[in-house]
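Asks: First the structure, which I've put down as structure tokens, then a few questions once you've had a look.
Quick note: the coordinates plus some simple rules give every number you see, no bench work behind them. Note that the structure is predicted; figures quoted are calculated from it, not measured. No Cβ is skipped: glycine too gets one built from the backbone with ideal geometry, and neighbour counts run over all protein chains shown.
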Amino acid sequence: MFKYIPIFKGCNRQIEYVDNRHSSLPNVPEEIFRYSNSLEELLLDANHIRDLPKIKQIMK
């Protein structure tokens, strides 16, 4: 589900791609916000998401 690229050995991993299509999600998973600095692509097609979080919430 998560694809990551290690920058330096022993350093935190950065997620650049998340594919949660067809997962019956009611909202955007909160763990996605942890990777907002490195995330380049977020796929949430075919879920039950009705509202997206505001950009200010994502950038915290």
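Asks: Putting +1 on Lys and Arg Cβ atoms and -1 on Asp and Glu Cβ atoms, find which of Pro26, Ala46, Gln14 reaches farthest to the positive end of the dipole of region 14-59.
Replies: The one lying farthest along the dipole's positive direction is Pro26.
Asks: Quick check: convex hull of the Cα atoms in region 14-59, volume per residue, rounded to a whole Å³? Present the calculation step by step, with values, prior to reporting the outcome.
Replies: On the way: hull volume 3.1 nm³, N = 46.
Normalising the Cα hull of region 14-59 by residue number yields 67 Å³.
Asks: While we're looking at this one, here's another question. State to the nearest 20 debye the size of the charge dipole of region 14-59 about its Cα centre, where the only charges are +1 on K and R beta carbons and -1 on D and E beta carbons.
Replies: On the way: 5 positive and 8 negative charges, 52 e Å.
That gives region 14-59 a dipole magnitude of about 260 debye.
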